[in-house]
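Data first, discussion second: the structure below is written as structure tokens.
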Amino acid sequence: MIRQVLLIGSLAAGLLITGCSQQVGASSTDIVTKALEKGKQVESYSAKGTFRFYDKDKLTEDAAFSEWMDAGNNKKKIEMTSNGKEIITVNDGKQLISYDKANESALTMDIGEDVLPTALTQREQLISMLEKMKKTHSFEVSGEEKVLGKDSYHIKVRENKEKSLMGDMDLWIDQKTWFVLKSTSVHGTIRTEFEYTDLQLGPSFAPDTFILNLPDSVKKTKIGDLAPAAKNVTIPEAELALGKPFLHSVDTGFDVVKMEMNEFKGVLNRNEVTAYYAKGDMPYYELSVFPVTGDVGKLDGEEIQVRGTKGEYLEQIKTIFWDEQGLRYNIMIQHPDVTKEQAIAFIEKMVLTKGK
């Protein structure tokens, strides 16, 4: 859970949305549009804050963090403590290091210039998420409140449908800088609360702020080594990896661009086969298959019927899930014009591979 907290903390604590100051009383549409503007410069800051997770009003995780962001030099550092454990993550502009003190281990990743901006701020990820939520959620400015002594807009983001991957959210955004000062989200019985307790914009940084010297005893693992590269496989090789025949499409209108297999270790500990379907040069579907071991759980999507059994459809990521004969299938719609109904029709035409 602490890695989940760190990831979400890094995302939320890095949500810097800049823009011009607005007049009090601006409409909800004007404010949300302003908050989603692209191309604004991210500002340097240092901050402290908290993250709390609740399940049915019971506190399950209580984390505190400190954060430093040098926008001019593309560097970032987060120190997070949760349940007595501490993780330090540093992006020094060339390498990302996540150091777990309790386990004396560190994950590392070299960063190229082409991926550095996204890896640092996650701002574009927030924008992408809110853009998608505009189709399934409503946005309302419910009022103006003081957060950390700053005038902020309280924006309510509510589901338009009964079930959604994102759930309901509340955002408190600084009227002058468009910095997200506080947020809450509710999805099912889970509630997440994030807020800054201190925020300094445009600070000066000590020379060693973004330097992380690890003890010699720390075990270092490259992030890329956690998930070995996929390898191309034939249908017989895929059957062998899955341990049985599996469903695939024989629709002559589609081409199988490639079929590949990932051999996951650790918690997942499974083989997963993915087939990519296209028409000409246009991707249409991405189908992944893996053995079902135990209860893989529901994803809280829309319940649908797939091949005579219960399935789920997640609209935000346009993906259909279902289980059949000991295998879990998920098909992601890649073509923007393909509907859920067309994808189900594609699935219904699938047949089992021949096996040995």
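Listed values, structure above:
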quantity	calculated
Region 71-92: number of residues that are surrounded by fewer than 16 Cβ atoms within 10 Å (Cβ to Cβ) and closer than 17 Å to residue 207 by Cα	2
Among (1) at pLDDT below 85; (2) closer than 27 Å to residue 73 by Cα, the one test that residue 162 misses	(2)
Top-ranked residue in region 190-246 [being among the aliphatic types (A, V, I, L, M) and within 30 Å of residue 43 (Cβ to Cβ); ranked as surrounded by the most Cβ atoms within 10 Å (Cβ to Cβ)]	199
Residue in region 300-346 that is surrounded by the fewest Cβ atoms within 10 Å (Cβ to Cβ), counting only those that are touching a residue at least 40 places away in the same chain (Cβ under 8 Å), of a type in the set (A, V, I, L, M) and part of a helix (DSSP H, G or I)	317
Residue 275 vs. criteria under 29 Å from the mean Cα position of the chain (by Cα) and either at pLDDT 90 or above or under 24 Å from residue 327 (Cα atoms) (or both)	yes
So residue 286, is it assigned to a strand (DSSP E or B), modelled with pLDDT of 90 or more and under 22 Å from the mean Cα position of the chain (by Cα)	yes
Criterion (free of Cβ contacts under 8 Å to residues at least 40 places away in the same chain, among the hydrophobic types (A, V, I, L, M, F, W, C), in a loop (DSSP other than H, G, I, E, B) and surrounded by fewer than 18 Cβ atoms within 10 Å (Cβ to Cβ)) met by exactly one of 102, 64	102
Failed criterion for residue 293 (all others in (1) of a type in the set (Ser, Thr, Tyr); (2) under 28 Å from the mean Cα position of the chain (by Cα); (3) modelled with pLDDT of 90 or more; (4) exposed (fewer than 13 other Cβ atoms within 10 Å of the Cβ) hold)	(3)
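The values are calculated or read from the model by the stated rules, or taken from the named source; none is laboratory data. Computed from a predicted structure; not experimentally measured. All Cβ positions, even for glycine, are placed from backbone atoms using ideal geometry, and neighbour counts span all protein chains on display.
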